[in-house]
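Asker: Dropping the structure in here first, questions after.
The values are calculated or read from the model by the stated rules, or taken from the named source; none is laboratory data. Quick caveat: nothing in here was measured; it's all calculated off a predicted structure. Quick reminder, even Gly has a Cβ in these numbers, built from the backbone with ideal geometry, and neighbours come from all protein chains shown. Just the protein is used for accessible areas: all its heavy atoms, side chains included, with ligands, DNA and RNA removed. Shrake-Rupley method; radii C 1.70, N 1.55, O 1.52, S 1.80 Å.
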Amino acid sequence: MVGGFSECELVQRAMKNEFPKKKIIIPEEAGLAVLKGTVLYGYQPKINKRILKNTYGIQSWPEWDPEVHPETKRVRIDGTDRCKDVFYKVAVKDEKVKFGHSYGQIFKALKPDERTLECTVYISDDTNPRYVTDPSCQCLGNLIVPLTPLNKGQSLEIEETMIFGVTELLFRAKNIKTGEIYETLLEF
């Protein structure tokens, strides 16, 4: 326990009573622990590596495979059967990532008549989620990307990239055809 209230014996006793099977650790000068951490962070803001608390991914729409995907996830898009809500893993829980490390993947816009593409980042406390609708998954944030009009038979590729920072995740989508870049910062 850290922070000013953690030095109060009444709070300490309440925590020990509430969590009898847990070991409660109270460092010396617990009230200053947060302040000291903040000062140390101020002197060295760039953390070299972090261990991910979650698995990170985006929603994907691969071709539907009856041997892999349930019928309830089957949708028809532009004449092709696809599986909706697939969790495409970008980084896995407990993985060590360096500050500034990026993961990118190029995806094709599936509907030629779409004018925007919603790119969504999902997190899961599971190391291997299958679908973004799994109970372990939740939306971290999204980015709306305007799409250029396409003619029949043309395809549009979007590069989606996650860049891991100290306290945030930079999510970037780049229209490969036009070079336009859209970004948003998502807090961990």
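Asker: Given the DSSP H assignment, sum -39500 (n - 2.57) over each helix run of at least 4 residues in the chain and divide by its residue total; what's the result at 222 nm in deg cm²/dmol, nearest 500?
Answerer: Details: 2 runs with 24 residues, N = 188.
Calculated from helices alone, the mean residue ellipticity at 222 nm is -4000 deg cm²/dmol.
Asker: Residue separation times 0.36 nm, minus the C-alpha to C-alpha distance between LYS152 and GLU7: what's the value? It would help to have the intermediate numbers written out before the result.
Answerer: Values: separation 145, 0.36 × 145 = 52.20 nm, distance 6.83 nm.
That pair, LYS152 and GLU7, stretches by 45.4 nm at full extension.
Asker: Return the FRET efficiency for the residue pair ARG115, ILE176: r is the Cβ-Cβ distance, R0 is 25 Å, and the value is rounded to the nearest 0.05.
Answerer: On the way: r = 17 Å, r/R0 = 0.69.
The formula returns an efficiency of 0.90 here.
Asker: Accessible area per residue of the stretch 27-156 at 1.4 Å probe, in Å²?
Answerer: That works out to 64 Å² for each residue.
Asker: Scan around VAL86 for amide H atoms under 5 Å from its own, H built in the peptide plane at 1.01 Å from N, and keep only partners 5 or more places away or cross-chain.
Answerer: Distant-sequence amide H within range of VAL86: SER60, VAL132.
Asker: Additional query: Exactly which GluC sites (Glu not before Pro) in the stretch 140-182 are in a DSSP loop and have at most 15 other Cβ atoms within 10 Å? Spell out each step's value before the answer.
Answerer: Working: sites: GLU157, GLU159, GLU160, GLU168, GLU180; in loops: GLU180.
For GluC sites (Glu not before Pro) across the stretch 140-182 that sit outside H, G, I, E and B with at most 15 neighbouring Cβ atoms in 10 Å, the list reads GLU180.
Asker: Testing the spin-label approximation: label points 7 Å from Cα along Cα→Cβ at GLU28 and GLU168. State their distance in nm.
Answerer: Placing both labels 7 Å beyond Cα along the Cβ direction yields 3.8 nm.
Asker: Going down the table (LYS84/LYS111; LYS49/LYS93; LYS16/LYS96; LYS108/LYS174; LYS73/LYS177), which pairs top 23 Å between alpha carbons? Walk me through the numbers on the way to the answer.
Answerer: Values: LYS84/LYS111 14 Å; LYS49/LYS93 14 Å; LYS16/LYS96 33 Å; LYS108/LYS174 12 Å; LYS73/LYS177 30 Å.
Those over the limit are LYS16/LYS96; LYS73/LYS177.
Asker: Still on this structure: With an 8 Å Cα cut-off and a minimum separation of 6 or more residues, compute the relative contact order for the stretch 16-115 in percent.
Answerer: Details: 97 pairs, mean separation 28.9, N = 100.
So the answer I get is 29 percent.
Asker: If the viscosity is 1.306 mPa s and the temperature 10 °C, what translational diffusion coefficient in µm²/s does Stokes-Einstein give for the chain when Rh comes from Kirkwood over Cα pairs?
Answerer: Working: Rh = 19.7 Å.
Here the translational diffusion coefficient equals 81 µm²/s.
Asker: Another one. Would you please classify the overall shape of the stretch 126-188 from the alpha carbon gyration tensor, given that a ≥ b ≥ c denote the square roots of the eigenvalues, rounded means a/c under 1.5, and beyond that prolate means a/b larger than b/c while oblate covers the rest? Please report the intermediate quantities before stating the final value.
Answerer: Numbers: a/c = 2.87, a/b = 1.54, b/c = 1.87.
Judged from the Cα gyration tensor, the stretch 126-188 comes out oblate (a/c at least 1.5, b/c at or above a/b).
Asker: Between 0 and 90 degrees, rounded to the nearest ten: what's the tilt of helix 30-43 against the longest Cα principal axis of the chain?
Answerer: Taking the Cα atoms of the chain, the angle to 30-43 is about 50 degrees.
Asker: Taking θ = phi - 60°, what integer Hz values does the Karplus form 6.51 cos²θ - 1.76 cosθ + 1.60 yield along the stretch 87-96, in sequence order, with x for Gly and Pro?
Answerer: Running phi through 6.51 cos²θ - 1.76 cosθ + 1.60 with θ = phi - 60° gives 7, 8, 6, 10, 8, 10, 3, 6, 6, 8 Hz.
Asker: If you place +1 on the Cβ of every Lys and Arg, -1 on the Cβ of every Asp and Glu, and leave all else neutral, what size is the dipole of the chain about its Cα centre, to the nearest 20 Debye?
Answerer: Numbers: 27 positive and 27 negative charges, 72 e Å.
The dipole of the chain has a size of about 340 debye.
Asker: When every alpha-carbon pair in the stretch 104-162 is counted, what percent end up more than 12 Å apart? Before the final figure, lay out each step's value.
Answerer: Numbers: 1212 of 1711 pairs.
Tail of the P(r) past 12 Å holds 71 percent of the pairs.
Asker: I'm a student and want to see the number: the projected area of the Cα convex hull of the stretch 91-135, averaged over all directions, in nm².
Answerer: Numbers: hull surface 18.9 nm².
Mean projected area of the Cα convex hull: 4.7 nm².
Asker: Rounded to the nearest 0.05, what FRET efficiency do LYS21 and SER102 give with R0 = 41 Å and r taken as the Cβ-Cβ distance? Could you check? Before the final figure, lay out each step's value.
Answerer: Working: r = 41 Å, r/R0 = 1.00.
Calculated value: 0.50.
Asker: For ASP126, enumerate residues with amide H under 5 Å from its amide H, sequence gap 5+ or separate chain, H modeled in the peptide plane.
Answerer: THR55
Asker: Would you work out what percent of the accessible area of the chain, with all protein chains in place, is carbon or sulfur (probe 1.4 Å)?
Answerer: For the chain, the apolar C and S fraction of the accessible surface comes to 51 percent.
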